[in-house]
Amino acid sequence: MKRIINLSGFIIGFSVTVFAQLTIEDCQTKARENYPLIKKYDLIKQSKEYNLANASKAYLPQFQLNVRATYQSEVTSIPISIPGITIPDLKKDQYQAVMEASQMLWDGGAVRSQRKMTEAGSEVETQQVEVELYTLRERINQLFFGILLFDMQLEQNQILQDELQRNYAAIAASVEFGVANRTDLDVVKVEQLNAKQIRIQIQTMRNAFVEMLAIMTGEKPDKNVNLKRPAVNHLLENEMLSSVVKRPEIQLFDAQNNLFDSQKNLIKSAYMPKVGLFLQGGIGRPGLNMLSNEIKPFYIGGIRLSWNFGALYTQKNDLRKIEINKNAVNVQKDIFLYNINLTTTREIQEIKRLNEIMKQDDEIITLRENIRKSAEAKVANGTLTVTELMREISQESWARQTKATHEIDLLIAIYNLKNMKNSDE
């Protein structure tokens with residue numbers, strides 16, 4: 001019983017593996033995960049974390065060591081003489097070593113602005129990567145639908161070869177009974193060879209597309225890969241009604257504007273006052289007593305307020321330059337949406353055109369099939385040449401291939417529209 005269960009499980013698993021179909025969404029996801037640029041996400045994240053950590057360390061105690069040795073042309077002196085008291089002259093060479101510890105209490109919002117600008121800059125880099133990755137979709141679409149088209153062409157080619165083989169057998173029988181000439185068989189044979197040559201060309205191109213798709217998705221090349229054809233009706237309903245554009249370029253433009261806003265806040269924080277504590281300790285000659293020639297230790301502590309008004313000189317121009325950059329980004333966004341709208345309109349018209357054309361495809365195939373059957377009957381009666389019959393068979397095959405091409409063209413147009421808007425329905 002265990003052997004039977006294990007064998008059944010193996011058969012089921014094997015069947016799932018053999019008959020599993022690969023969707024276009026699967027290919028897009030795998031191509032995204034396999035593309036080397038995806039690794040940049042982790043690099044951007046790490047860089048962001050380091051920059052945020054560095055910005056936060058501005059509130060940690062800061063230490064500074066200053067050592068100096070000077071010689072001055074004149075020193076402080078007391079221009080009076082007191083009997084019985086000798087006032088020593090100060091040395092003109094002076095020495096000092098000072099260690100200062102400072103603690104920021106309020107920086108005018110500089111650290112907060114720096115953190116926001118770091119996050120905004122990281123978001124811009126992330127969206128730039130997202131824009132580059134999005135271009136993979138179009139390349140995957142071309143390969144995926146190219147393989148589907150080749151599959152349909154191979155299917156129609158097989159139908160053509162079966163039709164030619166059937167006629168070859170019928171004419172061969174007529175030759176045996178002396179009704180047809182040997183040349184008629186040669187005419188059919190030529191068409192069979194042509195069909196086989198075309199099949200080789202189609203199969204070769206399909207294999208090339210399969211290998212390129214495998215490289216992009218990181219999968220092992222499989223010439224027997226089974227691609228799932230998307231449902232046209234469902235896609236048409238969603239794409240024709242949806243008007244929302246969710247392209248990553250939109251998020252990139254918004255992220256760039258957020259970065260400019262962060263830069264504005266950083267500029268504004270530059271002219272805000274800064275308050276902090278400080279403690280100095282050192283040794284020098286002189287120390288805090290300027291009238292002493294002895295080397296003395298000293299310390300001093302307190303609260304410090306600093307205010308740099310020089311930033312106000314360029315503040316207006318800096319803010320205006322940022323506003324100009326924001327306007328430039330908004331212009332790019334408007335141009336992008338304008339082009340998206342034009343392309344979307346074109347694709348919608350292409351979809352409508354193909355829908356109208358495809359309404360006649362089945363009728364044309366039916367008519368071509370009737371003409372071919374009539375030609376076969378005429379050949380059997382000796383009122384039509386085999387060469388003319390081959391022409392009718394080719395016309396029928398061409399009609400079937402045209403229908404298949406129109407179906408794939410419709411899918412391509414729908415996915416072009418889908419790609420323009422980045423709709424996930």
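Please list, or write none, the lysines whose alpha carbon is within less than 27 Å of the alpha carbon of K223, excluding same-chain residues fewer than 8 places away.
In chain and number order, the partners are K30, K196, K403.
Considering the Cα trace of the chain, what is its radius of gyration and what is Dmax, both in angstroms?
Rg and Dmax of the chain, Cα atoms, are 41.2, 157 Å.
Using modelled amide H (1.01 Å from N, peptide plane; none on Pro or chain starts), what sits under 5 Å from the amide H of A180, excluding residues fewer than 5 places away?
Amide H neighbours of A180: V175.
Compute the long axis of helix 40-56 from its Cα atoms, compare it with the longest principal axis of the Cα atoms of the chain, and write down the angle in degrees, 0 to 90, nearest 10.
So the inclination is approximately 20 degrees.
Region 164-212: which chymotrypsin sites (Phe, Trp or Tyr not before Pro) are DSSP loop and have at most 15 other beta-carbon atoms within 10 angstrom?
Values: sites: Y168, F177, F209; in loops: F177.
Answer in residue order: F177.
At a Cα cut-off below 14 Å, give the aspartates and glutamates reachable from K220, other chains included and same-chain residues fewer than 8 away excluded.
E211
On a 0 to 90° scale, report how tilted helix 110-176 is relative to the longest principal axis of the chain, with both axes built from alpha carbons and the result rounded to the nearest 10.
10 degrees
For helix 24-34, report the angle its Cα long axis makes with the longest principal axis of the Cα atoms of the chain; keep it between 0 and 90° and round to the nearest 10°.
Roughly 40 degrees, rounded to the nearest 10.
Counting each DSSP H run of 4 or more residues in the chain as -39500 (n - 2.57), what helix-only mean residue ellipticity at 222 nm follows after dividing by all residues, to the nearest 500 deg cm²/dmol? Working shown, then result.
Numbers: 9 runs with 289 residues, N = 425.
Using -39500 (n - 2.57) per qualifying helix, the result is -24500 deg cm²/dmol.
Can you pull the percent of Cα pairs in region 172-317 with separation above 19 Å?
83 percent
Set the bar at 18 Å for Cα to Cα. Now go through K264/K316; K116/K268; K326/K421; K91/K296; K57/K274; K116/K264 and name every pair that lies beyond it.
K326/K421
By the gyration tensor of its Cα atoms, with a ≥ b ≥ c the square roots of the eigenvalues, what is the shape of region 139-239: rounded for a/c under 1.5, prolate for a/b over b/c, or oblate?
The shape class here is prolate.
In whole Hz, what ³J(HN,Hα) sequence does region 185-191 give by Karplus (6.51, -1.76, 1.60; θ = phi - 60°), x for Gly and Pro?
Values per residue, Gly and Pro as x: 5, 5, 4, 5, 4, 4, 5 Hz.
Taking amide hydrogens as modeled 1.01 Å from N in the peptide plane, which residues meet the under 5 Å criterion relative to T23, leaving out close sequence neighbours?
K228
Placing one identical point scatterer on every Cα of region 18-65 and ignoring solvent, what is log10 I(q)/I(0) from the Debye formula at q = 0.24, 0.28 Å⁻¹?
-0.90, -0.99
For region 307-380, which chymotrypsin sites (Phe, Trp or Tyr not before Pro) are both in a DSSP coil and crowded by at most 14 other Cβ atoms within 10 Å?
For chymotrypsin sites (Phe, Trp or Tyr not before Pro) across region 307-380 that sit outside H, G, I, E and B with at most 14 neighbouring Cβ atoms in 10 Å, the list reads W307, F309.
We did not get these values from a lab; they are worked out from the coordinates using the rules stated. Computed from a prediction, not measured in an experiment: that's the story for all the values here. Reconstructed Cβ throughout: ideal geometry from the backbone, glycine too, with neighbour counts over all protein chains shown.
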